[in-house]
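The values are calculated or read from the model by the stated rules, or taken from the named source; none is laboratory data. Bear in mind the structure is a predicted one, so any value in this text is a computation, not a measurement. Cβ sites come from the backbone with ideal geometry, for glycine too, and all protein chains shown count toward neighbours.
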Amino acid sequence: MSMLHTRRTLLTVICEASIEARVLADARRLGAHGSTASDARGWGQHGERDGGWPMSGNVRIDILCEAAVADTIAGHLQEHYFRSYAMICYLSEVSVLRSEKF
Amino acid sequence: MSMLHTRRTLLTVICEASIEARVLADARRLGAHGSTASDARGWGQHGERDGGWPMSGNVRIDILCEAAVADTIAGHLQEHYFRSYAMICYLSEVSVLRSEKF
Amino acid sequence: MSMLHTRRTLLTVICEASIEARVLADARRLGAHGSTASDARGWGQHGERDGGWPMSGNVRIDILCEAAVADTIAGHLQEHYFRSYAMICYLSEVSVLRSEKF
Amino acid sequence: MPFEPVILFFLLGLLAGVMRSDLKIPAVLYESLSIFLLLAIGLKGGVELARQSLSALVLPVLVVVGVGALIPLIAFPVLQRLGRLSRADAASVAAHYGSVSVVTFAVAGAYLSGVGQAFEGYMVVFLVLLEFPALMIGVWLARRGANAGGQGKVLHEVFAGKSIVLLLGGLVIGWLAGADGLKPLDRVFFDLFKGLLAIFLLEMGLVAASRLGDLRRAGAFLIGFAVAMPLFAGALGALTATLLGLSVGGAALLATLYASASYIAAPAAMRIAVPEANPALSIGASLGVTFPFNLVVGIPTYYWLANQFQGVI
Amino acid sequence: MPFEPVILFFLLGLLAGVMRSDLKIPAVLYESLSIFLLLAIGLKGGVELARQSLSALVLPVLVVVGVGALIPLIAFPVLQRLGRLSRADAASVAAHYGSVSVVTFAVAGAYLSGVGQAFEGYMVVFLVLLEFPALMIGVWLARRGANAGGQGKVLHEVFAGKSIVLLLGGLVIGWLAGADGLKPLDRVFFDLFKGLLAIFLLEMGLVAASRLGDLRRAGAFLIGFAVAMPLFAGALGALTATLLGLSVGGAALLATLYASASYIAAPAAMRIAVPEANPALSIGASLGVTFPFNLVVGIPTYYWLANQFQGVI
Amino acid sequence: MPFEPVILFFLLGLLAGVMRSDLKIPAVLYESLSIFLLLAIGLKGGVELARQSLSALVLPVLVVVGVGALIPLIAFPVLQRLGRLSRADAASVAAHYGSVSVVTFAVAGAYLSGVGQAFEGYMVVFLVLLEFPALMIGVWLARRGANAGGQGKVLHEVFAGKSIVLLLGGLVIGWLAGADGLKPLDRVFFDLFKGLLAIFLLEMGLVAASRLGDLRRAGAFLIGFAVAMPLFAGALGALTATLLGLSVGGAALLATLYASASYIAAPAAMRIAVPEANPALSIGASLGVTFPFNLVVGIPTYYWLANQFQGVI
Ligand SMILES: Nc1ncnc2c1ncn2[C@@H]1O[C@H](COP(=O)(O)O)[C@@H](O)[C@H]1O
Ligand SMILES: Nc1ncnc2c1ncn2[C@@H]1O[C@H](COP(=O)(O)O)[C@@H](O)[C@H]1O
Ligand SMILES: Nc1ncnc2c1ncn2[C@@H]1O[C@H](COP(=O)(O)O)[C@@H](O)[C@H]1O
Ligand code: NA
Ligand code: NA
Ligand code: NA
């Protein structure tokens, strides 16, 4: 078994569901080659978002990519969404197998 | 774009859905400024929990906070829930943009 | 409070929902002591998988285990599923409290 | 005043929410019920439309939409000057009140059936057409002076938005298939309507309860606005309908449409097109105050108004 | 003995589960159906209650609740002494058997309708009132000697719990609106009841199958208890009802209520209030044994018992 | 040619998908509706079966299944030789077309009821029995030469798969309970059938729209195959049924069954048993072309064919 572990960055974005499509489009445009999303609920500065009706749902988006791409996307999100939308994002270091995918 | 990456701790708790509200309340009391939850299924020491009916559902809770707060919460969970409930928790290091939030 | 933090590996697999049961069975056989799954949607090399109907759903599987076990499982997945199925997987380092569980 | 049982479900939900019950209507049930209600309302309207000469509708449609467009234009300066809301917030709230609430419309229909009052079946055409001009106006109000843009996004957001697709789609299907063609579907789309509306209202009660906290942030002015605006718009609607020669039932329904504030299409569209507007204000007002107010007090009042106007004019 | 088709759906689910079929009823469908069933049962009871003098119910209610409270008090020492269960486990299992199963009640109602046996409409009042005393007693039994607390939590957990909110809410709405007011909702809440109950039972079969593994952990004593206890409690119920002068149908239903074990409210409440109790034991017994037993054997037996008692007393 | 309104819901969904509307039918609603449809079809078939002498069915069943097995065997070489598909892809597509589509069958039933054409109630037995031989043949075709295996997996995947469990389970319950026993469930399983089928078709339209992209990958040959194959198989079905002495309605339904391509059981089974087959090809063809083709053009054609054959033979 020849496994080449390569370091990549995992960018996790948690934001209101209403902007999921836009965040995904932005990420794609800025260099992401894939992403994964699932529904979530939560609370933070913008109060409780319990997902009980469409406007109060959150979404969790994971984007695995090169560090530079992750930085670009995170910067873009900070600039365009942080002020007006419920959103957090954070980065972590992970090892991947098929690094050419990301 | 001035991005100040700061290290924070991500505490992930996976536990039975019936105690979600209590874990969230505890985390808030112990210093968390936000959290995100979503439904999950799984298996472990307490057998399979497939989410097929309310009592067999799990929940995954992510809390992004300072290392000390994460330790406090994790310790509290260990003390109060580990014995009686299906639950695991783990901590990881992540970088955040707006560190003042967490 | 005596918390012994131990390093463990978190293996995250994102793949099409139709093989969830097989991946879980493989992981168990290869030494995992538990796992957590939840539904997801996403896009990647195999196009968009929006979860709108059963064949287009993804699942996210998290397996917390020793580094060697994680490597074994990841290698097995690479060998048996990567070619034919929509799937990614990555590993990260986390700290756990009750290390004997994993 | 007669009494509509489905409202009790809303009150039950409200109470459960306030009591912090663990009762939660799954989000998917909410979505499924709203798909059902929108389709069913569209189908019902389409069947009625098939009985109608379309050309006779042109004038009423133009008048109803034209007068309806006044609502956000009147609301905006009130909110901005009197209420001291920011331009974006004033525009967003104005868009909510200019648009319409499908569920309020449905409850009004149930109320009228309950009191045995007939109404024009094509009212649902107004419902569809009133949904979006206010949203366009809202975006225009928010952007005036600033560099425009966003209009296109809103247009697509609204026209391809699920509530228009389902309402309009149902309307067209009902119109094409006619009452006979749809008969095998009646057991679902007509017979189940009121019972499922009741369950939806239970959920709306829970949602409204969760929005009560927003009211504190909204402040006294906005709460007052959320009661006064529907009364004013309702009177405008009853008047317009009466002048157009609609029946008492039709007038009560148009009053309800004008008086109702959107909480499905408008919040979604405003969140995208006017992000700097605080959704807690508009949703707190429309869902926390106006929706319950219309259900309990508004609808019977508009019906009473429609009766008064009919006698006089 | 007559035969109730909805049980076949339970058996189908059980079989699918045992065969490890990939059939899964989505959790949301389970929740949606349980919301529907609870509301519908409450509404039906409320409509019947509106036909009733409330004061005539005071005595039966007191007796039914008082006798019902004996069930956990009798079960507890049996479980602790004979079964050698820990205090917490004995208390939790006792609470499950003292409380009631809404679905078993619904199947019994369907069974009685099937055989053409009328019953008192207000039986659902007993259903609501029997749900929680046993839970309070269970917590008290578990905590006795230890520092108390938890009672308050359980009280809120139960009273603000969704099953009570929906049952009681339905009851009050049905009572306020009456049969006439609810007529437009009948197409959903009454006509669909039995079909949706069948789908719910299919799901319960799958859930029960997934609990069969717990039975091994539960052991022979608990399995025996899960058959003997409902028979004893059922006889107690049939006797109590007959002495209170209820009809044969009412006696069969009260027997079923006493005999049934909760698996909605009780597991949730016990998990919070008596965390050291092992849920596999109580749920394995109530869902893996008693629920199927009652469906297939219990209900016809309680009906037969009710008939016997009626003849004698 | 007569016109079936439920198809309009499919077209609405297709249009919404193509317009990139934000309308999404929640996956759980899709699953819930498919559980309902499968159960309801099974129950209806079972009730009809109870009216039938089982022994009289033996010969038709053998013939229908035997002739049906020809479909994948004919499709495979066409796909491999003419279409130049890989062995795995050809086998997988052949399995999809050999198997059947429950929803196409349901729409054909609605169509026949709409035109007042009766048919044999036990057709649903064929539906159940035709679902899986093609899947077994598909796996065998893919594996021929290579080391076998996978057959066992497929067998379990199919027999314990939810569509067989629900269809067959419904069939047996309907057969055991009979029309009288099921009467209290009719309000759900029979009355709601067509309306819920309409909502399901709305969702299928959305899904089909999302598969249109696959068609580009599929290429012209496969698109042609997806139209020609159902016409050929439909003719085969109408012929077989007529020779077996079935009614015109029965012949139209068997033609529809043969002509329809599976997109519930087959994709799931092939994904597990023939992983190297590209699902975009088989699903693009069956869902993107054949399903809409059958709905709009196929079913009326098969009915017409059945009428022609009946006259001649
Ligand atoms: N400290 C945190 N840890 C985990 N999730 C958070 C945290 N803060 C916020 N979130 C998530 O991000 C969403 C938006 O955050 P906010 O903008 O702070 O309201 C919340 O609804 C939560 O789901
Ligand atoms: N090794 C593991 N990796 C990932 N998730 C786990 C693991 N062990 C347990 N879990 C999750 O935590 C829940 C409770 O664990 P346990 O208390 O071990 O039964 C399980 O149902 C899983 O969802
Ligand atoms: N770069 C990525 N970041 C996050 N998730 C991804 C990424 N690439 C693929 N995925 C997920 O993995 C699934 C299968 O990936 P693929 O095999 O590349 O189509 C996708 O549907 C996504 O859910
Ligand atoms: Na309005
Ligand atoms: Na009991
Ligand atoms: Na076929």
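Take residue F:303 and decide whether it is outside any loop (DSSP other than H, G, I, E, B), away from ligand 6 (no atom under 16 Å from the Cβ) and surrounded by 22 or more Cβ atoms within 10 Å (Cβ to Cβ). Give the steps one after another, and end with the answer.
Values: outside any loop (DSSP other than H, G, I, E, B): yes; away from ligand 6 (no atom under 16 Å from the Cβ): yes; surrounded by 22 or more Cβ atoms within 10 Å (Cβ to Cβ): yes.
Criteria met by residue F:303.
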Among F:16, F:50, the single one that is among the small types (Gly, Ala, Ser) and at pLDDT 95 or above is F:16
If you take the residues in region D:132-187 that are modelled with pLDDT under 85 and within 16 Å of ligand 4 (Cβ to nearest atom), which one is nearest to the chain's Cα centre (by Cα)? D:132
For region F:196-234, how many residues are crowded, with 19+ Cβ neighbours inside 10 Å and either charged (D, E, K, R) or over 28 Å from residue F:34 (Cα atoms) (or both)? 3
Just the residues that are of a type outside the set (A, V, I, L, M, F, W, C) and closer than 28 Å to residue F:205 by Cα, please, taken from region F:53-104. F:68, F:72, F:83, F:89, F:92, F:96, F:97, F:98, F:99, F:101, F:104
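Out of curiosity, is residue F:240 surrounded by fewer than 24 Cβ atoms within 10 Å (Cβ to Cβ), within 23 Å of residue F:132 (Cβ to Cβ), away from ligand 4 (no atom under 16 Å from the Cβ) and away from chain C (no Cβ under 14 Å)? If you could, list the steps in order and put the result at the bottom.
Values: surrounded by fewer than 24 Cβ atoms within 10 Å (Cβ to Cβ): yes; within 23 Å of residue F:132 (Cβ to Cβ): yes; away from ligand 4 (no atom under 16 Å from the Cβ): yes; away from chain C (no Cβ under 14 Å): yes.
Considered against the rule, which asks whether it is surrounded by fewer than 24 Cβ atoms within 10 Å (Cβ to Cβ), within 23 Å of residue F:132 (Cβ to Cβ), away from ligand 4 (no atom under 16 Å from the Cβ) and away from chain C (no Cβ under 14 Å), residue F:240 comes out as yes.
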Can you tell me how many residues in region A:30-78 are in a strand (DSSP E or B), under 30 Å from residue D:204 (Cα atoms) and of a type in the set (A, V, I, L, M)? 4
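Answer yes or no as to whether residue F:55 is over 30 Å from residue D:172 (Cα atoms) and either β-branched (Val, Ile, Thr) or away from ligand 1 (no atom under 16 Å from the Cβ) (or both). Outline the logic, then answer.
Working: over 30 Å from residue D:172 (Cα atoms): yes; either β-branched (Val, Ile, Thr) or away from ligand 1 (no atom under 16 Å from the Cβ) (or both): yes.
Yes: the conditions hold for residue F:55.
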Quick check: is even one residue across region D:42-60 in contact with a Lys or Arg (Cβ under 6 Å, 6 or more places away or on another chain) and either farther than 30 Å from residue D:144 by Cα or assigned to a helix (DSSP H, G or I) (or both)? no
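Which residue out of D:53, D:34 is more than 9 Å from chain E (Cβ to nearest Cβ) and free of Cβ contacts under 8 Å to residues at least 40 places away in the same chain? Spell out how you get there, then give the answer.
Values: D:34 fails: free of Cβ contacts under 8 Å to residues at least 40 places away in the same chain.
When all the criteria are applied, what remains is D:53.
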Filter region F:275-286 for residues that are facing chain C (nearest Cβ under 9 Å) and crowded, with 24+ Cβ neighbours inside 10 Å and give the result. F:277, F:279, F:283
Does at least one position in region B:38-51 carry a residue that is more than 10 Å from chain C (Cβ to nearest Cβ), touching a His at 6+ places or on another chain (Cβ under 8 Å), more than 16 Å from ligand 6 (Cβ to nearest atom) and more than 27 Å from residue E:33 (Cα to Cα)? no
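Restricting to region D:257-272, what's the tally of residues that are assigned to a helix (DSSP H, G or I) and away from every other protein chain (no Cβ under 11 Å)?
Going through region D:257-272 one residue at a time, the tally reaches 3.
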Considering only region B:18-50, state which residues are surrounded by 20 or more Cβ atoms within 10 Å (Cβ to Cβ), in contact (Cβ under 8 Å) with a residue 24 or more places away in the chain and either within 16 Å of ligand 5 (Cβ to nearest atom) or closer than 22 Å to residue E:214 by Cα (or both). B:18, B:19, B:40, B:42, B:44, B:49
Matching entry among E:107, E:67, E:78, E:100 (being modelled with pLDDT of 95 or more, crowded, with 24+ Cβ neighbours inside 10 Å, β-branched (Val, Ile, Thr) and over 27 Å from residue D:20 (Cα atoms)): E:107
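Of these, E:66, E:13, which one is over 16 Å from the mean Cα position of the chain (by Cα), outside any loop (DSSP other than H, G, I, E, B) and within 11 Å of chain F (Cβ to nearest Cβ)? First the steps, then the outcome.
Details: E:66 fails: within 11 Å of chain F (Cβ to nearest Cβ).
Matching residue, one of E:66, E:13: E:13.
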Mind telling me which of the residues B:67, B:40, B:25 ends up being over 19 Å from residue A:12 (Cβ atoms) and more than 10 Å from ligand 1 (Cβ to nearest atom)? B:25
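For region A:27-69, which residues satisfy the criterion of being aliphatic (A, V, I, L, M) and more than 10 Å from ligand 3 (Cβ to nearest atom)?
Of the residues in region A:27-69, the ones aliphatic (A, V, I, L, M) are A:27, A:30, A:32, A:37, A:40, A:55, A:59, A:61, A:63-64, A:67-69.
Residues satisfying the conditions are A:30, A:40, A:55, A:59, A:67, A:68.
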Quick one: how many residues across region D:175-199 are more than 10 Å from chain F (Cβ to nearest Cβ) and without any contact (Cβ under 8 Å) to a residue 60 or more places away in the chain? 1
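Restricting to region D:82-136, and then to whatever is in a helix (DSSP H, G or I) and within 14 Å of chain E (Cβ to nearest Cβ), can you tell me which residue is farthest from ligand 2 (Cβ to nearest atom)? Can you show your working first?
Taking region D:82-136 as the starting set, the residues that turn out to be in a helix (DSSP H, G or I) are D:82, D:87-98, D:102-114, D:123-131, D:133-136.
With the extra rule that they be within 14 Å of chain E (Cβ to nearest Cβ), the set shrinks to D:106-107, D:109-114.
Numbers: D:106: 41, D:107: 43, D:109: 47, D:110: 45, D:111: 48, D:112: 52, D:113: 50, D:114: 50 Å.
Per the criteria, the residue is D:112.
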State which residue is farthest from ligand 1 (Cβ to nearest atom) when the search covers only region C:81-98 and only residues that are part of a loop (DSSP other than H, G, I, E, B) and hydroxyl-bearing (Ser, Thr, Tyr). C:84
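I need a count of the residues in region E:287-300 that are of a type outside the set (A, V, I, L, M), surrounded by 24 or more Cβ atoms within 10 Å (Cβ to Cβ) and touching a helix residue (DSSP H, G or I) at 6+ places or on another chain (Cβ under 6 Å). Full working, then the answer.
Within region E:287-300, the first condition is being of a type outside the set (A, V, I, L, M), and the residues that meet it are E:288, E:290-294, E:298, E:300.
Pick out the ones that are also surrounded by 24 or more Cβ atoms within 10 Å (Cβ to Cβ) and you get E:288, E:290-291, E:294, E:298.
Imposing the further condition that a residue be touching a helix residue (DSSP H, G or I) at 6+ places or on another chain (Cβ under 6 Å) reduces the set to E:288, E:290, E:294, E:298.
Adding up the residues that qualify gives 4.
Got a sec? Which of D:97, D:111, D:122 is under 24 Å from residue A:53 (Cα atoms), under 20 Å from the mean Cα position of the chain (by Cα) and hydroxyl-bearing (Ser, Thr, Tyr)? First the steps, then the outcome.
Values: D:111 fails: under 24 Å from residue A:53 (Cα atoms); D:122 fails: under 24 Å from residue A:53 (Cα atoms).
Matching residue, one of D:97, D:111, D:122: D:97.
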State which residue is nearest to ligand 2 (Cβ to nearest atom) when the search covers only region E:256-275 and only residues that are hydroxyl-bearing (Ser, Thr, Tyr) and at pLDDT 90 or above. E:262
